[in-house]
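The values are calculated or read from the model by the stated rules, or taken from the named source; none is laboratory data. For clarity, every value in this text was computed on a predicted model and none was experimentally measured. Here Cβ is always computed from backbone atoms with ideal geometry, including for glycine, and neighbour counts include all displayed protein chains. Side chains are part of the model used for accessible areas, which takes the heavy atoms of the whole protein and leaves out ligands, DNA and RNA. Shrake-Rupley method; radii C 1.70, N 1.55, O 1.52, S 1.80 Å.
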Amino acid sequence: MFPKGDDFFEKRTKRGSETLPEADQDCGILPIFAGGKSHFASYIMPTLTVSEILRQPKVGDIVTVKGWVRTFRSNRFIALNDGSCQGNLQAVVDFEAFPEELLKRVTTGASLAITGELVASQGAGQTVEISVQKLEVLGDCPTESYPLQPKRHSLEFLREIAHLRMRTNTFGAVMRVRHAAAFAVHQFFNDQGFFYLNTPIITASDAEGAGELFRVTTLPADGAPKKEDGTTDFSEDFFEKPTNLTVSGQLEGELGAMALGKIYTFGPTFRAENSNTTRHLSEFWMIEPEMAFFDLNDNMELAEAFCKHIIRYVLTHCQEDLAFLDQRLEQEEKSKPQDQRSGQGLLEKLQFVLDNPFVRCTYTEAIDILKDSKPNKKGQFKYPIEEWGADLQSEHERFLVEKHFKSPVILFDYPAKIKAFYMRLNEDGKTVRAMDVLFPGIGEIVGGSQREERHDVLVEKMQAVGIEPELLGWYLDTRKFGTCVHSGFGLGFERMVQFVTGMGNIRDVIPFPRTPGNAEF
Ligand code: 4AD
Ligand code: MG
């Protein structure tokens with residue numbers, strides 16, 4: 001890592017007014033010096049990122065910057081972007097001082113190294129620009145075949161060229177915000193005394209018991225060995241038993257919590273569910289904290305504080321990107337019919353979530369609200385709510401959050417029948433200490449629960465859903481050896497990134513989305 005700050009800048013830059021040594025002619029492909037103003041050797045030319053230059057512009061410094069051309073106007077103004085921030089650095093070329101052949105190669109997408117003096121900008125839109133003294137085309141970019149042109153491309157089109165889309169303003173912003181959010185996750189848990197635990201990606205268990213598994217095998221696709229009864233003989237497989245990619249690190253996370261107290265995971269999870277929605281991926285990243293001695297209430301408090309921390313962090317650290325995404329969303333909203341507009345800008349929505357406590361509501365209360373709701377009575381729900389016990393669909397969750405409470409909501413105490421086997425059974429015998437955090441525009445962003453800590457009740461619950469307790473002996477051991485009340489939850493990272501960036505489709509907040517029928521790149 002480089003030290004940042006004034007010192008650093010001083011060491012890496014030289015004042016333009018100083019006389020600099022003779023140019024090193026071996027340093028590049030086409031070293032050109034304009035006007036014979038300054039001469040310098042490559043070893044004293046500091047390479048700075050556009051972000052460093054724009055954040056702390058030092059007029060008079062001679063710097064080198066490398067990046068890709070966004071636009072080249074009037075044979076004079078190059079907008080150079082290096083991905084370090086939303087902004088471009090304007091590079092001003094005195095075209096008479098450079099060969100025409102070289103300037104022709106300055107096309108959108110080409111990579112350049114530019115050395116020159118930072119000068120106060122005459123034009124609007126930037127405070128500083130670089131007056132080009134040396135220009136190298138590092139990589140040409142043929143205009144005819146380059147799919148990204150300086151114009152608005154649809155998100156659908158960009159999805160097809162995901163290998164290039166991170167070079168656009170929108171995807172650059174989303175990926176930088178995604179990074180900041182990931183950093184905020186680690187910061188939050190580290191500050192709260194949690195340990196980052198890595199749970200296995202390949203596992204023999206189905207943590208959610210939903211059977212949406214991607215099998216991992218080295219058996220041949222054709223002619224896998226069979227047992228006498230005709231079923232596949234997994235004893236010949238790599239792990240000598242059926243294995244799959246994990247759907248959740250929770251079960252192993254619980255083992256960590258029962259030793260280390262408070263842990264969290266942050267890793268990829270995989271679900272072979274055939275959901276073609278704007279909220280589902282087949283490969284997504286999940287953060288799963290698990291805490292010994294936490295009950296459901298403690299769990300809800302933590303989930304709310306955690307969500308707010310991520311939002312606060314990106315609001316503080318990604319102002320430029322969020323301002324861009326806010327504008328983008330505003331434009332997008334304008335093209336929607338009035339009744340489908342959210343009415344709140346991105347920044348406003350993020351601030352609103354920060355400033356207000358999440359509403360807490362039991363499943364039973366929610367069902368009463370939904371039963372009595374206008375869309376239910378008018379038959380506008382695709383899945384009408386008729387009775388207690390119904391599973392809530394995204395349309396119901398969004399009604400509660402966006403229309404009824406107009407705030408994030410934590411629903412808790414769900415019917416045992418619609419939730420996973422590991423959740424703590426309530427005294428009523430029919431509900432479990434489950435909680436889902438529901439967000440505006442997203443629906444479920446967090447799912448969690450207090451865990452069933454009683455060995456015998458857990459065994460019964462497993463048997464009731466057809467899970468053989470012997471297969472999860474290691475999980476049951478925690479209930480045998482020093483069991484305790486404990487809780488945890490899972491936050492879908494992409495759903496959170498969707499929320500903070502305002503992107504409507506989850507495929508646009510992960511670099512290379514995996515969805516049914518799509519594993520490109
Ligand atoms: O509600 P889920 O299925 O809960 C679990 O996996 C628990 N084991 C978590 C725990 O208690 N440790 O998933 C948790 C969250 C959801 O709320 C959602 O945000 C996200 O993961 N999620 C998905 N995100 C993208 N694509 C999918 N297919 C997702 N499925 C769940
Ligand atoms: Mg869930």
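Listed values, structure above:
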item: Only listed residue being open to solvent by 60 Å² or more (accessible area, probe 1.4 Å), under 30 Å from the mean Cα position of the chain (by Cα) and acidic (Asp, Glu), chosen from Glu160, Glu144, Glu212; result: Glu160
item: The range 65-107, residues that are in contact (Cβ under 8 Å) with a residue 60 or more places away in the chain and among the hydroxyl-bearing types (Ser, Thr, Tyr); result: Thr71
item: Odd one out for Arg176 among (1) closer than 22 Å to Val446 by Cβ; (2) part of a helix (DSSP H, G or I); (3) charged (D, E, K, R); result: (1)
item: Ala224 vs. criteria of a type outside the set (Lys, Arg), buried (at least 16 other Cβ atoms within 10 Å of the Cβ) and at pLDDT below 95; result: no
item: Residue count, the range 399-421 (criterion: open to solvent by less than 80 Å² (accessible area, probe 1.4 Å) and more than 13 Å from Met435 (Cβ to Cβ)); result: 10
item: Any hit, the range 484-502, residues being under 30 Å from Gly343 (Cα atoms), more than 14 Å from ligand 1 (Cβ to nearest atom) and touching a helix residue (DSSP H, G or I) at 6+ places or on another chain (Cβ under 7 Å); result: yes
item: Residues satisfying the stated conditions in the range 246-301, i.e. among the small types (Gly, Ala, Ser), near ligand 1 (Cβ under 10 Å from one of its atoms) and modelled with pLDDT of 95 or more; result: Ser248, Gly249, Gly253, Ala272, Ser282
item: Residue match in the range 381-392 (condition: within 28 Å of Thr501 (Cβ to Cβ) and open to solvent by less than 90 Å² (accessible area, probe 1.4 Å)); result: yes
item: 3 or more residues at pLDDT 95 or above and over 28 Å from Glu304 (Cα atoms): qualifying helices (runs of 4 or more DSSP H) within the range 329-406; result: 374-377
item: Selection count where residues are loosely packed, with under 15 Cβ neighbours inside 10 Å and outside any helix (DSSP H, G or I), scope the range 293-307; result: 2
item: Some residue of the range 93-102 being surrounded by 17 or more Cβ atoms within 10 Å (Cβ to Cβ) and either at pLDDT below 95 or over 30 Å from Leu148 (Cα atoms) (or both); result: no
item: Residue ID - farthest from Met286 (Cα to Cα), chosen from residues in the range 179-222 that are of a type in the set (A, V, I, L, M) and part of a helix (DSSP H, G or I); result: Ala180
